[in-house]
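Shown next, in structure tokens, is the structure this report addresses.
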Amino acid sequence: MAGVRWSGTARLLFLAIVVAWGFNYLFVNVGLGAASPLWLATLRASVGALGVLAIVTPMGAWGTLDGAGRRDALLLGLPSTGLFFGLWFVAAESVLPGEAAVLIYTFPFWVALLSDPLLGHRLGARHVVSIGVGFVGIALIAQVWAVFGASTTLAPVLELLGAAGAWAVGTVVFQRRFRPGQMAEANAFQLIGGAAGLIVATALLAPTPLPRFTPSLVASVAWLGILGTAVAYAIWSMLLGRVRAATLSAYVFLVPVVALGASALFFHERLTAIQLAGVGLVLASLYGVGTGPDAASPIAPAGAGPSGTPGELGRAGSDEPPPGGSN
């Protein structure tokens, strides 16, 4: 991972995220056999929130946020957890895990675009070219020329891109709003907010059919909620306090590789030659975004606007986080 000073511990933690999130896509498809998309999303977020509470409490991480910080974290959970999980799981009913993973992981493109106006992380020529290459890859994977006007096929593609955008908004605003020392508690509150939003959405939009708690659903929820959410989100929020959002998010290009490989093995997913070319362009684009010449620069103080001055969301303070990704 050239360009960022990763310690051995950070590398192992990031590898854990890649494996957990890569296999999430398989477990979503398994879980949808016994639960509707919104119910499965609600179960994942709820179990994940409980798991994060179990992680944060022994760490003694409570009390770092004031009332405004807790409110903002709860609200950030609506896009970064509620909308993200909801759109993704609805689309997963009609998209295989590997393709879903590639489309979700257009997330770094949106983070890179949002990081300029919200965090002051300027996009260089390499970033701009990489983003353009990535959009070409998305078009090849989705084969938009074949599905334009066919809403039953294009809809899940748009839902997955919307999920990626919602996650990106949450990630960038999260880094702008909170200091590194606040991120563990803020992560817990954003998961609680996302779970609450999904509970309300499920009750209003799709209360029935109720989930069938089969062994496969229990296993899916356990993986998605505990490993894929509680543990992975705790690691993610910790790394987000040390690495620029655009840089960190780009390294997750490994997740769709894991998802594609696992889906090919367990679901016999096969992509066309054109779609494989699109996957290659997306992965090359993500690598380009995450390994630019300024990728190792320290992140700006929490709350700093594009010019380095405190932004509207920066009331929590402006402590300088440690540079790069070292622990």
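Restricting to region 153-169, and then to whatever is at pLDDT 90 or above and not hydrophobic (A, V, I, L, M, F, W, C), can you tell me which residue is surrounded by the most Cβ atoms within 10 Å (Cβ to Cβ)? Here the answer is 159.
Out of all the residues in region 230-240, is one or more modelled with pLDDT of 90 or more, over 29 Å from residue 127 (Cα atoms) and not in a helix (DSSP H, G or I)? No, because not a single residue in region 230-240 is modelled with pLDDT of 90 or more, over 29 Å from residue 127 (Cα atoms) and not in a helix (DSSP H, G or I). Check region 118-126 and report whether any residue there is out of contact with any Ser or Thr (no Cβ under 7 Å at 6 or more places or on another chain) and crowded, with 24+ Cβ neighbours inside 10 Å. No, region 118-126 has no match at all. Does residue 78 fit the bill of being closer than 21 Å to residue 182 by Cα and under 21 Å from the mean Cα position of the chain (by Cα)? For residue 78, the condition - closer than 21 Å to residue 182 by Cα and under 21 Å from the mean Cα position of the chain (by Cα) - is met.
Considered as a group, the residues in region 241-281 that are of a type in the set (Val, Ile, Thr) and either surrounded by fewer than 20 Cβ atoms within 10 Å (Cβ to Cβ) or at pLDDT 75 or above (or both) include one that is nearest to the chain's Cα centre (by Cα), and that residue is 255. Restricting attention to region 186-205, the residues being in contact with a helix residue (DSSP H, G or I) (Cβ under 6 Å, 6 or more places away or on another chain), crowded, with 19+ Cβ neighbours inside 10 Å and within 15 Å of residue 48 (Cβ to Cβ) number 12.
All conditions but one from (1) within 30 Å of residue 45 (Cβ to Cβ); (2) at pLDDT 75 or above apply to residue 321; the one that does not is (2). Number of residues in region 190-229 that are farther than 27 Å from residue 72 by Cα and either of a type in the set (Gly, Ala, Ser) or not in a helix (DSSP H, G or I) (or both): the value is 13.
The values are calculated or read from the model by the stated rules, or taken from the named source; none is laboratory data. Computed from a prediction, not measured in an experiment: that's the story for all the values here. Positions of Cβ are generated from backbone atoms using ideal geometry, with glycine treated the same way; all protein chains shown enter the neighbour counts.
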